[in-house]
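Nothing in this text is a laboratory measurement; each read-out follows from the coordinates by a stated rule. Here the structure is a predicted model, which means the values were calculated and not measured. Note that we place each Cβ from the backbone using ideal geometry, even for glycine, and neighbour counts take in every protein chain shown.
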Amino acid sequence: MTQQERVTGMVISSMPVGEYDKRVVILTAERGKIHGFMHGARKPGSSLMASSEPFAFGTFEVYESRTAYRITAAGITQYFEQLRTDLDAALYGFYFLEFADYYGRENADDKEMLKLLYVSVMALCRRRIPLELIRRIFELRVMAVNGEGPQVFECVSCRRRENLHHFSLRLGGMVCDACREKIRRGSIAVSPTCLYTMRYIVSSPYGKLFGFTLSDEVMKELSSITDRFRRIYVDKRFNSLEMIEMQEKLQKNKH
């Protein structure tokens, strides 16, 4: 077993193992996604009990073995307690954790993704903007952070920066008017406000990501593009997303 190491991260999933232990997955800044065991975390009074729960954010003391990590101590700075009483926000939070798990890689530098996950879950707790908008911001930015985001600053075909009025799902970004005439099929008209919004989401500092709202019309446009783009470029169906979509349908039927 190697020397003890301290990492900064967030628990993205956990499950019971044996009588008292827990197996956890943590997204860390230094080591990417790690799988580890917290021995005795389910014992009453264990100092690791709260640290093993999803969303727990802080530092973790770890030993690396041949097959997994052993987490011996934790200094948690944020538990995101608001999600315990706000079930709607918690559901979105678990979706974000699933997305982070999908992109997380072992022995990778995941500082950017960890920062994004932290500020996004914090935005869910604060609820200053609609949950759907928080979701769309997270989806677009997490894909961009991992090199799979849409090209929204220039034409994906000819690289022109002018006359960008359509989005090509097949090509993965904006196309200018001239190239759109050649493509003809599979492009979506994009309003200037929606284009500006997508550019802001993929490029603005994390501290400013959740500081705006949208009209219902632009929100609908952004959601449609993001949904269709994600279905093409993310080859996973998330359980928590299915629950969110079921809940959204129920709410629409009520109205």
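Remarks
- Here the stretch 1-135 is treated with +1 on each Lys and Arg Cβ and -1 on each Asp and Glu Cβ, and its dipole about the Cα centre works out to around 140 debye.
- The stretch 82-254, dipole about Cα centre (Lys/Arg Cβ +1, Asp/Glu Cβ -1), debye to the nearest 20: 340
- Shape of the stretch 5-79, Cα gyration tensor, a/c cut at 1.5: oblate
- When peptides 47-53, 180-186, 92-98 are sorted by average Cβ neighbour count within 10 Å, with the highest value leading, the order is 92-98, 47-53, 180-186.
- Spin-label proximity, residue 204 to the stretch 135-179 - amide N less than 15 Å from point 7 Å beyond Cα toward beta carbon: 135-142
- Nearest-ten-degree value, helix 87-103 long axis tilted from longest Cα axis of the chain: 90
- Kirkwood Rh, Cα atoms: Rg over Rh of the stretch 34-177: 1.09
- Relative to the longest principal axis of the Cα atoms of the chain, helix 111-126 runs at roughly 90 degrees.
- With K and R counted +1 and D and E -1, the other residues having a Cβ less than 14 Å from that of residue 222 yield a net charge of +1.
- In this simple spin-label approximation, residue 154 and residue 239 carry label points 7 Å from Cα along the Cα→Cβ vector, and these lie 4.3 nm apart.
- The stretch 16-37-the stretch 152-217 distance, computed between alpha-carbon centres (Å): 39
- Exceeding the 29 Å Cα-Cα cut-off - candidates 111/220; 22/111; 43/115; 111/249; 182/220; 22/208: 111/220; 43/115; 111/249; 22/208
- The long axis of helix 239-254 is offset from the longest Cα principal axis of the chain by roughly 60 degrees.
- Dimensions of the stretch 138-255 based on its C-alpha atoms, expressed as ranges along the principal axes with the largest first, amount to 44, 35, 28 Å.
- If you plug the beta carbon distance of residue 105 and residue 231 into 1/(1 + (r/R0)^6) with R0 = 22 Å, you get a FRET efficiency near 0.50.
- P(r) for the chain, from all Cα pairs and a bin width of 5 Å, is 1, 6, 13, 15, 16, 15, 11, 9, 6, 4, 3, 1, 0, 0 %, short bins first.
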